[in-house]
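The values are calculated or read from the model by the stated rules, or taken from the named source; none is laboratory data. These numbers were taken from a predicted model, which means no experiment stands behind them. With ideal geometry, Cβ positions are generated from the backbone for all residues, glycine too; neighbour counts draw on all protein chains shown.
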Amino acid sequence: MRTQPAARPSAGRRVWRNWAGTATATPARWSRPRREAEISAAVKEAAAAGLTVRALGSGHSFTAAAATSGVALDLSSWTGITAADTASGLVTARSGTTLRALNAELGGLGLAMANLGDIDVQTLAGALSTGTHGTGARLGGLATQVEALELVLADGSVVTCSASSRPELFAAARVGLGALGVISAVTLRCVPSFTLLADERPMPVDEVLERFDELAAANDHFEFYWFPYGRQALVKRNNRLTGHDAELGTAVPPALPAWRRFWEFEVMENAGFGTLCRLGRARPRLIPALNRFSSAALSTRTYTDTSHRVFVTPRRVRFAESEYAVPRESLGQVVTELRRAVPRLHDPVMFPVEVRVAAADDIWLSTGYGRESAYVAIHQYTGLPYQEYFDRFESIVAEVAGRPHWGKLHSLDSGRLRSLYPRFDEFRRVRAEVDPEGRFGNAYLTRVLGPHDL
Ligand SMILES: Cc1cc2nc3c(=O)[nH]c(=O)nc-3n(C[C@H](O)[C@H](O)[C@H](O)COP(=O)(O)OP(=O)(O)OC[C@H]3O[C@@H](n4cnc5c(N)ncnc54)[C@H](O)[C@@H]3O)c2cc1C
């Protein structure tokens, strides 16, 4: 797998860098709009100057999806909920709102997102644009929770799209890679606030694979991860508490006390794991043993909490990541081959592999388009070599028509992606209609969508 070469920063100009350090860029201009009219004006001014435009999220994509040598639109001052109907759950938020701020505001309204990924620092539009997802066999990615989008197009006009108004633009723009325009507002269908019962416990990887369908079907949110040299997985089952469960009262475990959250999430999973990673980076030959040690230390934890406090955990140890969606029924093959491949790699792997599930959806460039998916995510600690590992992983998932997460490292180009997405050419047609000059283009889009002209 060849990754996007990081642009060489030009002297004296402000540099954009992503969280993982896998992409940098030097925009010609920065713009920080505070009103929708300022987003339109920035797009028009870019056109007048012959520059391209990219909206920035929180920089949490591992790919250079947001990188630009043109105008970088920083939407961090374009935040907050602008309308909410608590009866229907329809909530409209400005696109630069982080998921963390959104979760807090929704909580105040007695509402929540039905499903979330692992972290909450992404912006709403940034998370949607690359197809960010959580886990749950009956649930799709975040974009499936969108009811309508407002976009600033290449000519500076503002349009709204939904299932009933400009449905093709809506099918394309919910996972739009920033290629169709600047999303200015998102209307989400939220659900009443809910509590999750979290159950995390070790289980042999072989048993998880044998019981995979049963575990995915029996739990609202099921996932597992394992350290590649270990035999134990950590199985996470998060289930919604119903009124009936609440009546059981004492049978339901309480929320983790603040000291235990701090100890387990901050000290053990971040500071402690970070120390092991630094040790592994300094002495790579120790990595398989450290990995087995981490695997043996997996322990049971059950608690209840507000949904987003269960879905989201802090991630302070930096890493590189690749993730592919594979047809659910191919998961066993992929995991088995990956377990065989890792011990043969030249450079050992320090980080666990994570497996999640999602329902099929109808969003053109969603990794879940038209098929039930299992997501397999591989990681390597920052500063350790990952190319051979990620290449090997790509060759394994290629056999089962794996689709890469748009925000995570992969080497596929438009030729291969066209064969993986039945609506790929329709996406390109809609793009050509709304952005005929490629105002929102960048090098990543040229690779994954192909040249702009049809
Ligand atoms: C530690 C970590 C944990 C993660 N966990 C998960 C996970 O659990 N599940 C998952 O699926 N992914 C996960 N990711 C990936 C992450 O969710 C995506 O890469 C997401 O796109 C990052 O959002 P962002 O706000 O940082 O956007 P950026 O990475 O800054 O941008 C992403 C894309 O969105 C575009 N964009 C941003 N704003 C707009 C806008 N207003 N209009 C149009 N386009 C726009 C950008 O131009 C770019 O193309 C994780 C990443 C990290 C680093």
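Does Leu412 qualify as being of a type in the set (A, V, I, L, M), surrounded by 15 or more Cβ atoms within 10 Å (Cβ to Cβ), within 20 Å of Ala65 (Cβ to Cβ) and free of Cβ contacts under 8 Å to residues at least 24 places away in the same chain? Judged against the criteria, Leu412 is not a match.
Could you tell me whether region 321-333 includes any residue that is in a strand (DSSP E or B) and charged (D, E, K, R)?
Taking region 321-333 first, the residues in a strand (DSSP E or B) are 321-327.
Okay, now just the ones that are also charged (D, E, K, R), so 321, 323.
There is at least one residue in region 321-333 that is in a strand (DSSP E or B) and charged (D, E, K, R).
Against the conditions (1) crowded, with 21+ Cβ neighbours inside 10 Å; (2) at negative phi, Ser157 satisfies every one except (1). Among the residues of region 335-350, at least one is over 17 Å from Ile287 (Cβ atoms) and touching a strand residue (DSSP E or B) at 6+ places or on another chain (Cβ under 9 Å). Scan region 406-454 for residues that are away from the ligand (no atom under 13 Å from the Cβ) and not hydroxyl-bearing (Ser, Thr, Tyr) and the total you get is 26.
Evaluate region 388-396: report whether one residue or more is crowded, with 17+ Cβ neighbours inside 10 Å, among the aliphatic types (A, V, I, L, M), away from the ligand (no atom under 16 Å from the Cβ) and farther than 29 Å from Leu56 by Cβ.
Of region 388-396, the ones crowded, with 17+ Cβ neighbours inside 10 Å are 389-390, 392-394, 396.
Among the residues that remain, those that are also among the aliphatic types (A, V, I, L, M) are: 396.
Checking which are away from the ligand (no atom under 16 Å from the Cβ) leaves us with 396.
Filter once more, so that each one left must be farther than 29 Å from Leu56 by Cβ: 396.
Checked against the condition, which is being crowded, with 17+ Cβ neighbours inside 10 Å, among the aliphatic types (A, V, I, L, M), away from the ligand (no atom under 16 Å from the Cβ) and farther than 29 Å from Leu56 by Cβ, region 388-396 yields at least one hit.
Restricting Ala47, Ala87, Ala114 to residues that are of a type outside the set (Ser, Thr, Tyr), more than 30 Å from Phe390 (Cβ to Cβ) and free of Cβ contacts under 8 Å to residues at least 24 places away in the same chain narrows the list to Ala87. If you check Ala148 against the conditions, is it small (Gly, Ala, Ser), modelled with pLDDT of 95 or more and assigned to a helix (DSSP H, G or I)? Against the criterion (small (Gly, Ala, Ser), modelled with pLDDT of 95 or more and assigned to a helix (DSSP H, G or I)), Ala148 does not qualify.
Do we have Leu180 as part of a strand (DSSP E or B), touching a residue at least 40 places away in the same chain (Cβ under 8 Å) and not polar (S, T, N, Q) here?
Criteria not met by Leu180.
Restricting to strands (runs of 3 or more DSSP E) lying wholly in region 191-309: which have 2 or more residues that are surrounded by 14 or more Cβ atoms within 10 Å (Cβ to Cβ) and among the hydrophobic types (A, V, I, L, M, F, W, C)?
Numbers: elements: 195-204, 221-226, 232-240, 301-306.
Result: 195-204, 221-226, 232-240.
The lone criterion from (1) more than 30 Å from Thr68 (Cβ to Cβ); (2) without any contact (Cβ under 8 Å) to a residue 24 or more places away in the chain left unmet by Phe170 is number (1).
Taking region 411-440, which residues are in a loop (DSSP other than H, G, I, E, B) and touching a Lys or Arg at 6+ places or on another chain (Cβ under 9 Å)?
Ser411, Leu412, Asp413, Tyr421, Gly438, Phe440, listed by residue number.
Among residues that are buried (at least 22 other Cβ atoms within 10 Å of the Cβ) and at negative phi, Ala28 is not included.
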